[in-house]
Amino acid sequence: MARKNLKKQKNSSIKQEQGRRVATNAQKFKAGLTDSFMILMPIMYIVFYFVMDGRDGFAQHQLNGWFYIFLPMIVIRILFFYFNSQTMGYRAYDIELVDGLTLEKASLFSIIFREFSSILSILTVFGFLMMFFRKDKKALHDILSNTAVVQK
């Protein structure tokens with residue numbers, strides 16, 4: 001009985017998301033690319049040339065360098081998602097991050113968990129490829145955090 005209810009709940013959440021129009025993989029890819037240029041590149045420039053004192057300094061301390069790059073990027077994305085449900089890339093392609101069940105604004109905990117679990121998606125590559133094989137187009141970090149990317 002509980003298994004049937006869980007299946008109904010999953011199907012209804014997929015229908016709700018489709019009723020709101022799930023963002024396409026192309027939209028999510030373009031938004032991510034836009035974000036990488038608007039958020040990641042300035043942070044990388046600052047870390048490379050002001051914090052690590054050039055490429056040679058970064059090469060000597062790569063682990064620290066990547067930490068200095070990814071931590072501010074994650075914090076900035078969390079702030080954008082929490083206050084606007086969109087990053088600059090998401091806004092450019094008219095998509096937003098919402099709670100997977102209610103389709104309302106995602107909670108701060110869900111957003112934080114999503115951003116840190118996206119590292120798992122990046123490291124495994126499989127986490128991102130999942131969205132190409134699922135009807136609801138969710139990547140691993142969306143499944144784990146129970147969030148959805150939908151058209152605004």
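The values are calculated or read from the model by the stated rules, or taken from the named source; none is laboratory data. The structure presented is a predicted model; accordingly, all values stated were derived computationally and were not measured. No Cβ is skipped: glycine too gets one built from the backbone with ideal geometry, and neighbour counts run over all protein chains shown. Side chains included, ligands, DNA and RNA excluded: accessible areas come from the protein's heavy atoms. Shrake-Rupley method; radii C 1.70, N 1.55, O 1.52, S 1.80 Å.
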Subject >> Residue among Ser85, Ser117, Leu140 farthest towards the positive dipole end of the chain, charges placed on Cβ >> reply: Leu140
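Which value, in debye to the nearest 20, describes the size of the charge dipole of the range 110-152 about its Cα centre when Lys and Arg Cβ atoms bear +1, Asp and Glu Cβ atoms bear -1, and nothing else is charged? Mind showing how you got there, number by number?
Numbers: 6 positive and 3 negative charges, 38 e Å.
Here the range 110-152 has a charge dipole of around 180 debye.
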Subject >> Simple label model, 7 Å out from Cα along Cβ direction - Tyr49 to Phe132, nm >> reply: 3.6
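In what sequence, largest accessible area first, do Thr147, Thr34, Thr102 appear using a 1.4 Å probe? Numbers along the way, then the final one.
Details: Thr147 0, Thr34 35, Thr102 85 Å².
Greatest to least solvent exposure: Thr102, Thr34, Thr147.
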Original post:
What are the ³J(HN,Hα) values, in whole Hz, obtained from phi via the Karplus relation 6.51 cos²θ - 1.76 cosθ + 1.60 with θ = phi - 60°, for each residue of the range 56-67 in sequence order, with x given for Gly and Pro?
Top reply: 5, x, 5, 4, 6, 10, 4, 4, 4, x, 5, 4
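Suppose every Lys and Arg Cβ carries +1 and every Asp and Glu Cβ carries -1, with no other charges. What dipole size does the range 12-142 come out with about its Cα centre, to the nearest 20 debye? Write down the numbers at each step before the final one.
Numbers: 14 positive and 11 negative charges, 102 e Å.
The dipole magnitude comes to about 480 debye.
Probe radius 1.4 Å, ligands and nucleic acids ignored: give me the carbon and sulfur share of the accessible area of the chain as a rounded percent. Intermediate results must be reported in sequence, preceding the final value.
Details: 6190 of 9530 Å².
Here carbon and sulfur together make up 65 percent of the probe-accessible area.
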**OP:** Find, among the GluC sites (Glu not before Pro) in the range 41-118, those assigned to loop by DSSP (not H, G, I, E, B) with at most 13 other beta-carbon atoms within 10 angstrom.
**Re:** Glu104
Original post:
At Ile78 and Asp56, where each label point lies 7 Å from the Cα along Cα→Cβ, what is the point-to-point distance in nanometres?
Top reply: 3.6
Original post:
Can you give the calculated 222 nm mean residue ellipticity of the chain, where each DSSP H run of n ≥ 4 adds -39,500 (n - 2.57) and the sum is split over every residue, rounded to the nearest 500 deg cm²/dmol?
Top reply: -19000 deg cm²/dmol
**OP:** Give the long-range amide H neighbours of Ile95: residues separated by 5 or more places, or on another chain, with amide H under 5 Å away, using H modelled in the peptide plane at 1.01 Å from N.
**Re:** Lys152
**OP:** Quick one: what are the phi-derived ³J(HN,Hα) couplings along the range 20-36, Karplus 6.51/-1.76/1.60 with θ = phi - 60°, whole Hz, x for glycine and proline?
**Re:** 9, 6, 5, 5, 6, 4, 5, 4, 5, 5, 5, 5, x, 5, 4, 4, 5
Original post:
Hey, what do the phi angles of the range 40-52 turn into as Karplus ³J(HN,Hα) couplings, whole Hz, using 6.51/-1.76/1.60 and θ = phi - 60°, x for Gly and Pro?
Top reply: 5, 4, x, 5, 4, 4, 4, 5, 4, 9, 9, 8, 9
